[in-house]
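Encoded as structure tokens, the structure appears first; notes follow it.
The values are calculated or read from the model by the stated rules, or taken from the named source; none is laboratory data. Owing to the predicted nature of the structure, the values given are computational and were not obtained by experimental measurement. Cβ atoms come from the backbone with ideal geometry, glycine included; neighbour counts cover every protein chain shown.
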Amino acid sequence: MKVTQPNARHLDAIIVGAGLSGIYQLLSLRDKLGMNVKVFEAGEGVGGTWHHNRYPGARCDSESHSYMFYFSQALVQSWEWSERYPQQSEIQRYIDHVADFFKLRPDMVFNTRVNAAAYDDAANLWRVQTSDGQSWSADYLITAVGCLSSANVPAIEGLDSFKGQWVHTSAWPKEGVDMRGKRVGVVGTGSTGIQAIPVIAEQAGHLTVFQRTANYSIPARNAPLSEDFKQYVKEKAQDIRQLMNETPNAHCFRIDPRSALEVSEEERLAVYEAAWAKGGLQFRATFADLLRDKQANDTAAEFIKAKIRQVVKDPEKAALLSDIDHPFAAKRPPIDSHYFETYNRNNVSLVDIRSHPIERITPQGIKTAKAQYDLDIIVFATGFDAMTGSLLRMNISGRQGLSLKDAWAAGPRTYLGLQIPKFPNLFTITGPGSPSVLCNLPPQIEQHVNWITDCIAYMRDNGIQQIEADEQASDDWVQQVNEAANATLLPQVLHSWYLGANVPGKPRVFMPYAGGFGRYRGICDEVVANRYRGFHLHCQLAGSSLQTDK
Ligand code: NAP
């Protein structure tokens with residue numbers, strides 16, 4: 001898309017997206033650096049992914065005290081979570097609270113999508129067109145579009161002909177979907193499906209779950225937070241933040257340094273039982289080598305499969321649900337509230353679409369290779385065009401009109417997940433190549449936003465007008481991302497969205513950095529200490545083109 005700019009208004013920076021990353025980036029540039037900044041947001045309010053993912057059962061899978069900002073003591077003291085794993089509505093209230101606490105809304109433009117953004121080589125500016133027909137220019141363009149915001153609605157033949165209602169979980173209608181007494185089908189058993197299925201089962205007349213890949217899930221053991229715990233979070237905020245900065249997944253739990261294979265079977269089972277009883281993502285932290293050693297992983301996998309077979313009474317359903325084809329936690333492991341128990345309800349059936357795939361959607365429902373299932377509502381819990389989808393949808397072009405689509409035709413190529421060669425002064429918060437979805441997001445968002453803000457301050461203080469990732473440094477980083485992934489079991493799951501494998505035609509590239517948050521922070525800090533090694537910094541000499549400053 002060509003970006004024309006007859007009456008463009010100029011800003012110091014444009015931020016795309018008003019989720020957690022967009023609002024902290026706005027606060028940092030506006031209040032720390034005094035910049036003139038606007039956030040453009042397609043939704044009608046702040047919240048990003050949490051604004052749109054209002055499906056029944058939507059909750060955070062990180063513990064609430066880790067899923068918040070710690071950069072401001074005043075903010076920490078102003079907020080209390082009610083539950084261990086807060087619901088979507090409570091997270092939305094938190095994000096609204098942050099926006100109001102720092103009076104951010106006046107610099108945000110809602111219901112407005114960025115339709116195109118083009119780098120102007122001659123002027124060293126970003127030229128941006130928004131869906132309200134306005135034109136803008138800015139020195140910096142910062143994407144804060146999240147990793148999981150572009151819905152993956154499967155292109156199944158006949159969807160248009162369906163006479164009932166269909167909905168994707170990430171675009172859940174604000175007014176809700178009335179499922180009472182209805183025949184509901186859910187396609188997808190990832191984290192979203194696993195959260196939604198138990199709640200939908202309580203509402204629907206009959207629920208049919210269409211499972212392609214069986215999945216592990218650990219009980220969340222969600223519960224209200226005690227007053228003591230709420231007090232602990234306020235008093236120990238700095239310790240909590242420190243802990244998250246040190247752990248590989250930026251969560252509040254440490255990984256046991258032992259191998260699952262070095263302890264006796266009795267001890268190993270006791271460890272797993274205790275972790276199962278405690279619940280939550282920390283089941284992954286029971287032993288150090290669960291994600292590195294297949295034999296170690298098998299011990300956890302077998303434990304969970306046995307639990308599934310214990311919980312699910314119908315042997316046929318139990319067999320289907322426990323027939324899991326990948327190592328535990330090699331796909332993002334869901335946590336649940338009564339997911340497997342739900343299959344013991346009389347109004348819930350399970351259809352194996354691995355053996356008998358969906359052939360088409362008919363006016364009445366879903367037809368698989370084996371049978372027709374009549375439905376009133378179809379819920380697609382089929383995930384996202386993760387990490388790159390929202391960036392590519394924005395029609396971004398860099399030097400000499402190079403489109404991001406072409407630049408990334410073979411998969412995303414970034415330096416540190418922060419910048420893309422040939423796209424100067426563009427920063428991508430939690431972009432592909434950063435730990436992003438492999439870690440708890442708020443600590444990473446803080447780290448990325450602080451890094452970008454410090455970088456822009458450094459540029460300003462040193463008269464630098466342009467920063468651009470070096471081609472070789474980016475290739476080396478992609479290599480490091482691959483090596484980090486290959487040291488784990490993660491790339492072994494061929495249908496994982498980490499690899500882009502859930503979207504037909506998407507290049508198969510392992511996208512997040514799996515080397516750990518602590519290590520990643522260290523690399524980013526070291527790059528800065530070495531005067532932004534791997535980036536080209538240019539300063540404008542009067543009346544001449546841009547020159548390298550070193
Ligand atoms: P997902 O993990 O990609 O799962 C999608 C599900 O839909 C899978 O079971 C997949 O089967 C199935 N599917 C996809 N296309 C299909 C098709 N054409 N036909 C039949 N089945 C199809 O997506 P998600 O569950 O939305 O989760 C994505 C990520 O969002 C999570 O991993 C997590 O990071 C995040 N999330 C976080 C929270 C939270 O609490 N913070 C909650 C929900 C989600 P296959 O496995 O066979 O592809």
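Things worth noting here:
- Residues that are surrounded by fewer than 18 Cβ atoms within 10 Å (Cβ to Cβ) and within 23 Å of the chain's Cα centre (by Cα) occur at least once in the stretch 173-192.
- Among the candidates Gln73, Gln88, the residue that is surrounded by fewer than 21 Cβ atoms within 10 Å (Cβ to Cβ), touching a residue at least 24 places away in the same chain (Cβ under 8 Å) and not basic (Lys, Arg) is uniquely Gln73.
- Taken over the stretch 223-280, the criterion of being of a type in the set (Lys, Arg) and either farther than 18 Å from Ile304 by Cα or outside any helix (DSSP H, G or I) (or both) is satisfied by Lys230, Lys234, Lys236, Arg241, Arg254, Arg258.
- Scanning the stretch 204-222 for residues that are of a type in the set (A, V, I, L, M, F, W, C) and in contact with a strand residue (DSSP E or B) (Cβ under 7 Å, 6 or more places away or on another chain) returns Ala204, Leu207, Val209, Phe210, Ile218, Ala220.
- Residue satisfying all of: in the stretch 39-51; within 16 Å of the chain's Cα centre (by Cα) and either within 12 Å of the ligand (Cβ to nearest atom) or of a type in the set (Gly, Ala, Ser) (or both); nearest to Ala201 (Cα to Cα) among these: Trp50
- Subset of the stretch 149-172 [crowded, with 17+ Cβ neighbours inside 10 Å and more than 16 Å from the ligand (Cβ to nearest atom)]: Gly164
- Scope the stretch 201-222; condition among the charged types (D, E, K, R) and assigned to a loop (DSSP other than H, G, I, E, B); matching residues: Arg212, Arg221
- Under the condition of being more than 9 Å from the ligand (Cβ to nearest atom) and buried (at least 18 other Cβ atoms within 10 Å of the Cβ), the residues counted in the stretch 200-213 number 7.
- Single residue of Arg521, Arg508 found to be of a type in the set (D, E, K, R), closer than 28 Å to Glu63 by Cβ and under 21 Å from the mean Cα position of the chain (by Cα): Arg521
- Selected residue (criterion: nearest to the ligand (Cβ to nearest atom)) from residues of the stretch 353-387 that are under 30 Å from the mean Cα position of the chain (by Cα) and of a type in the set (Lys, Arg): Arg354
- When residues in the stretch 488-502 are screened for being near the ligand (Cβ under 9 Å from one of its atoms), of a type in the set (A, V, I, L, M, F, W, C) and touching a residue at least 40 places away in the same chain (Cβ under 8 Å), 2 of them pass.
- Whenever a residue of the stretch 146-168 is within 30 Å of Ile15 (Cα to Cα) and β-branched (Val, Ile, Thr), its partners that are more than 9 Å from the ligand (Cβ to nearest atom) and in a loop (DSSP other than H, G, I, E, B), lying with C-beta atoms within less than 9 angstrom and at least six residues away or across chains, give the pairs Val167/Pro173; Val167/Val177.
- Just one of the numbered conditions (1) surrounded by fewer than 20 Cβ atoms within 10 Å (Cβ to Cβ); (2) under 25 Å from Gln444 (Cα atoms) is not true of Ser226: (2).
- Cβ-Cβ contacts under 6 Å between residues 6 or more apart (or on different chains), taken from a first residue in the stretch 365-389 that is farther than 18 Å from Ala196 by Cβ to a second residue that is of a type in the set (D, E, K, R) and away from the ligand (no atom under 13 Å from the Cβ), are listed as Gly365/Asp374.
A quick yes/no check of all residues on (1) more than 23 Å from Leu499 (Cβ to Cβ); (2) surrounded by 17 or more Cβ atoms within 10 Å (Cβ to Cβ); (3) not assigned by TED's automatic domain parsing to the domain that holds Tyr55:
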| residue | (1), (2), (3) |
| --- | --- |
| Leu321 | yes, yes, yes |
| Leu350 | yes, yes, yes |
| Pro357 | no, no, yes |
| Leu391 | no, yes, no |
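- Within the stretch 214-223, considering residues that are over 21 Å from Val379 (Cβ atoms) and either among the hydrophobic types (A, V, I, L, M, F, W, C) or surrounded by 20 or more Cβ atoms within 10 Å (Cβ to Cβ) (or both), the one farthest from the ligand (Cβ to nearest atom): Ala223
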